[in-house]
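One structure follows; several queries about it will come next.
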Amino acid sequence: MKPTILGVQIDNLSRTEVLRKIEHFLNSEEQHYIVTPNPEFIVAAQKDQEFTKILNKADIAIPDGMGLKIAARILHKQKINRLAGVDLMIKICKLAAQKNKSIYLFGAGEGVAKKAVNKLKQKFPELKIAGAHSGGIINYQLSIINPKLNNSQNIAKIKSANPDIILVALGQVKQEKWIVQNLPKLPSVRLAMGVGGSFDYISKKTPRAPKFLRILGLEWLVRLILQPKRIKRIWNATAVFMWLVLKEKLTK
Ligand code: UDP
């Protein structure tokens, strides 16, 4: 059975198993989406049932972050494999290049997706890029994308590029809701994934924490130093999340 952390189901798969499943998705007739829950996702899901449902209906939910590893230990005495969203995105690009599948990068600030494409092309010269464009700032009102943003133009642009894979960088919650609402309008897409700040990392707009800090689960500390405005989000991802996990353990 899948381990559940505060109502959110997680897949405990090795990297090979994840890539095998993705390869199968790319060759199937159906559409699929992957989510990468981290502690912030789980805190957000506590107050948003629609988001919880979207996470639990995903074809794969890859735990992103040390927080989930600790929570699985505390709640289920289980050792789970974690994989950062950006690392999974790079693995998907590598697989796409090997299997001749095309990718579309949608979201992030102006010009960032295109810069990320350039970096990916350097890394994987065979990679087929169907397209890339910024999503602008998307506002949600009652879980509906603000129509002023002209989402249908975004969809038309992506649809005409016929991608096999779409990677969506609109920030957590928004990107997952966007995928579920819009995937059926993009019939060529076999796999969609919300990738958070991955385009910012790949384009080098935002530096990533050094590997040893990532292994220790201290990526949030670097984010706090580089982006002090994120303090509330970091507080949610660390203290609030751990408090909820301990409360669940004590009341179970
Ligand atoms: N973003 C966007 N539109 C929005 C909100 C966010 O394009 O309405 C982009 C933002 O520019 C960034 C990415 O979404 O490239 C992820 O944002 P965030 O910093 O929240 O990333 P996370 O913490 O999820 O990695």
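The values are calculated or read from the model by the stated rules, or taken from the named source; none is laboratory data. Bear in mind that the values here come from a model prediction, so they are computed numbers and not experimental data. In this analysis, Cβ positions are derived from the backbone assuming ideal geometry, glycine residues included, and neighbour counts consider all displayed protein chains.
Could you grab me the full set of residues in the range 203-230 that are within 12 Å of the ligand (Cβ to nearest atom) and among the charged types (D, E, K, R)? Break it down into steps so the answer makes sense when it comes.
Of all residues in the range 203-230, those within 12 Å of the ligand (Cβ to nearest atom) come to 203, 205-206, 208, 219-220, 223, 226-227, 229-230.
Lys205, Arg208, Glu219, Arg223, Lys229, Arg230 - these are the residues of the range 203-230 that are within 12 Å of the ligand (Cβ to nearest atom) and among the charged types (D, E, K, R).
Moving on. Identify the residue in the range 143-158 that is crowded, with 17+ Cβ neighbours inside 10 Å and either at pLDDT 85 or above or of a type in the set (A, V, I, L, M, F, W, C) (or both) and, among all such residues, is farthest from Ala45 (Cα to Cα).
Per the stated criteria, the residue is Ile158.
Also, quick follow-up: Identify, by number, the condition in (1) farther than 20 Å from Leu83 by Cβ; (2) touching a residue at least 40 places away in the same chain (Cβ under 8 Å); (3) not polar (S, T, N, Q) that Val168 doesn't meet.
Just one mismatch for Val168, condition (1).
Hey, another quick one. Picking from Arg223, Arg230, which residue would you name as being touching a Lys or Arg at 6+ places or on another chain (Cβ under 8 Å), surrounded by 14 or more Cβ atoms within 10 Å (Cβ to Cβ) and without any contact (Cβ under 8 Å) to a residue 12 or more places away in the chain?
Only one candidate passes the filter, namely Arg230.
Next up: Hey, Glu40 hits all of (1) under 18 Å from Leu88 (Cβ atoms); (2) under 16 Å from the mean Cα position of the chain (by Cα); (3) away from the ligand (no atom under 16 Å from the Cβ) but one; which does it fall short on?
Among (1) under 18 Å from Leu88 (Cβ atoms); (2) under 16 Å from the mean Cα position of the chain (by Cα); (3) away from the ligand (no atom under 16 Å from the Cβ), Glu40 violates only (3).
So is His32 more than 16 Å from the ligand (Cβ to nearest atom) and under 24 Å from Asn182 (Cα atoms) or not?
Values: more than 16 Å from the ligand (Cβ to nearest atom): yes; under 24 Å from Asn182 (Cα atoms): yes.
When the stated conditions are applied, His32 passes them.
Evaluate the range 191-204: report whether one residue or more is polar (S, T, N, Q) and within 18 Å of Leu88 (Cα to Cα). Write out each step before concluding.
Step one: filter the range 191-204 for residues polar (S, T, N, Q), giving 198, 203.
Imposing the further condition that a residue be within 18 Å of Leu88 (Cα to Cα) reduces the set to 198, 203.
Yes, some residue in the range 191-204 is polar (S, T, N, Q) and within 18 Å of Leu88 (Cα to Cα).
Among the residues of the range 98-117, write down those that are more than 14 Å from Met193 (Cβ to Cβ), away from the ligand (no atom under 16 Å from the Cβ) and more than 19 Å from the chain's Cα centre (by Cα).
Across the range 98-117, the qualifying residues are Gln98, Lys99, Asn100.
Where residues in the range 188-202 are within 11 Å of the ligand (Cβ to nearest atom) and farther than 19 Å from Arg82 by Cβ, which of them is surrounded by the fewest Cβ atoms within 10 Å (Cβ to Cβ)? Walk me through how you get there before you give the answer.
Looking only at the range 188-202, we keep the residues that are within 11 Å of the ligand (Cβ to nearest atom), and these are 194-202.
Narrowing the set further to residues that are farther than 19 Å from Arg82 by Cβ leaves 199-200, 202.
Numbers: Phe199: 30, Asp200: 21, Ile202: 28.
Ranking the qualifying residues of the range 188-202, first place goes to Asp200.
When you go through (1) crowded, with 18+ Cβ neighbours inside 10 Å; (2) touching a residue at least 24 places away in the same chain (Cβ under 8 Å) one by one for Gln46, which number turns out not to apply?
(1)
If a residue has to be in contact (Cβ under 8 Å) with a residue 60 or more places away in the chain and near the ligand (Cβ under 9 Å from one of its atoms) to count, how many in the range 174-185 make the cut?
So the answer is 1.
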